[in-house]
Amino acid sequence: MNDLRIRAADPDDLDAVLAFWKRAAEGASISDDRDGVERLVARDPEALLLAERGGELAGTVIAGFDGWRCHLYRLAVHPAHRRQGVGAALLDAAEERFVRLGGRRGDAMVLDRNESAHHAWRAAGYAPEPQWSRWVKPLV
């Protein structure tokens with residue numbers, strides 16, 4: 001794992017990240033477009049974390065902090081790099097970021113149907129909270 005590099009994305013990475021999500025991420029989001037990701041990086045330049053191995057994108061996570069809560073989105077690992085610690089390294093980097101910013105608890109958006117990811121989230125110490133449901137209203 002010593003050849004794995006974690007860094008914040010910059011605007012030059014956004015097209016590669018969007019293409020990566022089409023290959024490696026489960027599901028799609030209304031925000032998975034250039035404008036949405038540009039707004040994220042402009043508002044919080046350290047939120048989108050990239051894992052690179054050998055100069056190639058191996059994984060991503062969005063570690064958003066709104067000043068009160070810590071939110072994790074878009075944890076995705078390229079199929080060729082799964083089960084090699086990439087996801088764990090990204091979550092470690094995200095959690096370190098949250099602690100630096102004063103965060104107290106991380107929450108993660110995990111698709112119910114993405115059962116292959118449930119093991120990774122549980123191994124990292126996350127668990128579903130059955131008393132909560134996500135309520136959504138599209139704004140556009």
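For the chain, the relative contact order comes to 21 percent (Cα pairs under 8 Å, sequence separation of at least 6).
Summary value for the stretch 10-69: 25 percent relative contact order, contacts being C-alpha pairs under 8 angstrom separated by 6+ residues.
Treating only the Cβ atoms of Lys and Arg (+1) and Asp and Glu (-1) as charged, compute the dipole magnitude of the chain about its Cα centre; round to the nearest 20 debye.
Numbers: 20 positive and 22 negative charges, 83 e Å.
It comes to approximately 400 debye.
When the square roots of the Cα gyration tensor eigenvalues are ordered a ≥ b ≥ c, the ratio a/c for the chain is under 1.5, which makes its shape rounded. Would you kindly find the accessible area of Asp44, with a 1.4 Å probe and non-protein molecules such as ligands, DNA and RNA excluded, rounding to the nearest 10 Å²? Accessible area, nearest 10 Å²: 30 Å².
Using only DSSP helix segments of four residues or longer, with each worth -39500 (n - 2.57), what per-residue ellipticity at 222 nm results for the chain after dividing by its residue count and rounding to 500? Before the final figure, lay out each step's value.
Values: 4 runs with 46 residues, N = 140.
Helices in the chain give a 222 nm mean residue ellipticity of -10000 deg cm²/dmol.
Amide hydrogen proximity for Ala58: with H placed 1.01 Å from N in the peptide plane, the residues at 5 or more positions away or on another chain lying under 5 Å are Ala51, Glu52, Arg53.
The values are calculated or read from the model by the stated rules, or taken from the named source; none is laboratory data. It should be emphasised that the depicted structure is a prediction, and the values quoted were computed from it without experimental measurement. No Cβ is skipped: glycine too gets one built from the backbone with ideal geometry, and neighbour counts run over all protein chains shown. These area figures cover heavy atoms from the full protein model, side chains too; ligands, DNA and RNA do not enter into them. Shrake-Rupley method; radii C 1.70, N 1.55, O 1.52, S 1.80 Å.
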